[in-house]
1. State which residue pairs qualify: first residue under 21 Å from E252 (Cα atoms) and inside region 297-310, second residue among the hydroxyl-bearing types (S, T, Y) and not in a loop (DSSP other than H, G, I, E, B) in any location, beta carbons under 8 Å apart, and separation of 6 or more residues or different chains.
2. Tell me the residue from V225, V212 that is out of contact with any Leu (no Cβ under 8 Å at 6 or more places or on another chain), closer than 30 Å to D27 by Cβ, surrounded by 18 or more Cβ atoms within 10 Å (Cβ to Cβ) and of a type in the set (V, I, T), please.
3. Out of (1) outside any helix (DSSP H, G or I); (2) crowded, with 23+ Cβ neighbours inside 10 Å, the odd one out for A140 is which?
4. Would you list the helices (runs of 4 or more DSSP H) that sit entirely within region 1-108 and hold 2 or more residues that are modelled with pLDDT of 95 or more and of a type in the set (V, I, T)?
5. So P152 ticks every box in (1) without any contact (Cβ under 8 Å) to a residue 24 or more places away in the chain; (2) surrounded by fewer than 17 Cβ atoms within 10 Å (Cβ to Cβ) but one. Which box is left unticked?
6. Counting only residues that are among the polar types (S, T, N, Q), surrounded by fewer than 18 Cβ atoms within 10 Å (Cβ to Cβ) and touching a residue at least 24 places away in the same chain (Cβ under 8 Å), how many does region 233-280 have?
7. State whether the residues of region 220-241 include one that is of a type in the set (D, E) and out of contact with any Asp or Glu (no Cβ under 8 Å at 6 or more places or on another chain).
8. Mind checking whether some residue in region 281-296 is surrounded by fewer than 20 Cβ atoms within 10 Å (Cβ to Cβ), hydrophobic (A, V, I, L, M, F, W, C) and over 21 Å from the mean Cα position of the chain (by Cα)?
Amino acid sequence: MIRLLVTGGAGFIGSNFVLSILERRPDAEVVVIDSLTYAGNLENLKSIESHPRFSFQRIDITDDASLRRLFEAHDFSHVAHFAAESHVDRSIADPGAFIQTNVIGTFRLLEAALRAWDGRLGEKRFLHVSTDEVFGSLGAEGFFTEQSPYQPNSPYAASKAASDHFARAYFHTFGLPVITSNCSNNYGPYQFPEKLIPLVIVNCLQRKSIPVYGDGANVRDWLFVLDHCLALEACLFKGQPGETYAIGARNEVRNIDLVRKLCRIVDQLAPHAEPCENLITFVKDRPGHDRRYAINPERMETELDWKPAYSFDESLERTVHWYISNADWRNRILSGDYLKYYERQYSDR
C-alpha cells in the first residue's frame, strides 16, 4: 500500500489532489492534515469523509510535537506538501503569517520526515508543491523553466522561495528524497473566491463590481487544477528526487481578457438583463505586481509523459458551471459558515 500524507489537504489544490488520488489509486491510503485557516474547508472533502482509505487530522505544520506523533503513528511512504499561505494581497498586509506557515512550517515538516525516515530514505518520496511566482516577472518574451533564477517580488513569493531552498538543501545535505514542482496559476472547483477566477464568477453571480488591477494587461499562464493534480501525481510517483519540475498548460492570457471571457460564460450559463462586463471596474494596482508569468512545461511532457487533458475553454466553462451549480458551498464560503463544519463533524470524535 501507498501510505500518503497530504498537508493542506482541505485547501483548493490539496483537496482536488486527494479526491483524484483516492479515485485513481486503489492502493493508496491518504491521511490529510490541515490547520483549517480561512482557506481550508473540510466541506471540500465531504464526499470522501467516510472513505475507508481516508482520514483527517487537524494539525498545524508549525507544531513540531504534533508532527512527531503523526509520523510515529503512520509509516508514511509518501508526503505531498501543499500547506501554504498563498494569496499575494494577504502577504502584503501580513507577511509574518507567510513566514510562519511557508518557511517555518516547511522546515518542521522536512525535519519530521527526515527523523521518521532515518535509514530508509531510498524507499520514500516527499513532494514539495511550489509556485512560478518565485521566479519573479517575465518580459514580453521567454518562459520560466526549471533553470530560471529566483527573483521573488512579493512576501508570498519570497516565503515560497525560502521553502523551495530548504527543500533543496534537505535533499543535498541529508538525502531526503524531495521532489519540487513549480506551477502556474491554478483554477477550478473549490477555489476560495479571493483569487481572480472565482472572484469574477462569484461577483458576476452576485451582480457586484469586478475589480481589475491597474490596466488589466498583466499576463498569467492558467492551469486547470485537475490537470495539475495529474501532473503532481506524475511528479510524486515518477519524478526523480532532487529534481524540479515546472508545470504549466501554455494558456497565457491578459487578466482583462480573461475577465471578459468569464463574463461572457456567466452571461451564457446564468443570463441576466445586464451583461456582466458592465460590472468591470479598474482599481489601483497592487504593489510589486508582476507583469507576466509563463511556463515551459517541456520537461514534464518529455520526462514524465504529462500533458493537460482539458482545453482552456472547456475547463473555464466547467469551472463556471461548478460555481453556479454549487450555490450552497458558495454561500457558506461567503457567509463564513463553512468554518463551523469541523466542529459539526469532529467535535464528538
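1. R299/Y245; M300/Y245
2. Details: V212 fails: closer than 30 Å to D27 by Cβ.
The unique qualifying residue is V225.
3. Result: A140 fails condition (2) only.
4. Numbers: elements: 12-24, 64-73, 88-93, 95-98.
Fully inside region 1-108 and qualifying: 12-24.
5. (2)
6. Going residue by residue through region 233-280, those that are among the polar types (S, T, N, Q) are 240, 244, 251, 255, 268, 278.
When the remaining residues are screened for being surrounded by fewer than 18 Cβ atoms within 10 Å (Cβ to Cβ), the result is 240, 268, 278.
Still in the running and touching a residue at least 24 places away in the same chain (Cβ under 8 Å): 240.
Qualifying residue count, region 233-280: 1.
7. From region 220-241, those of a type in the set (D, E) are 221, 227, 233; that's our starting set.
Filter again for out of contact with any Asp or Glu (no Cβ under 8 Å at 6 or more places or on another chain), leaving 227, 233.
Yes: region 220-241 contains one or more residues that are of a type in the set (D, E) and out of contact with any Asp or Glu (no Cβ under 8 Å at 6 or more places or on another chain).
8. Yes; the residues of region 281-296 include at least one that is surrounded by fewer than 20 Cβ atoms within 10 Å (Cβ to Cβ), hydrophobic (A, V, I, L, M, F, W, C) and over 21 Å from the mean Cα position of the chain (by Cα).
The values are calculated or read from the model by the stated rules, or taken from the named source; none is laboratory data. Everything quoted here is computed from the prediction, not taken from an experiment. Neighbour counts are summed over all protein chains in view; Cβ atoms, including those assigned to glycine, are modelled from backbone coordinates with ideal geometry.
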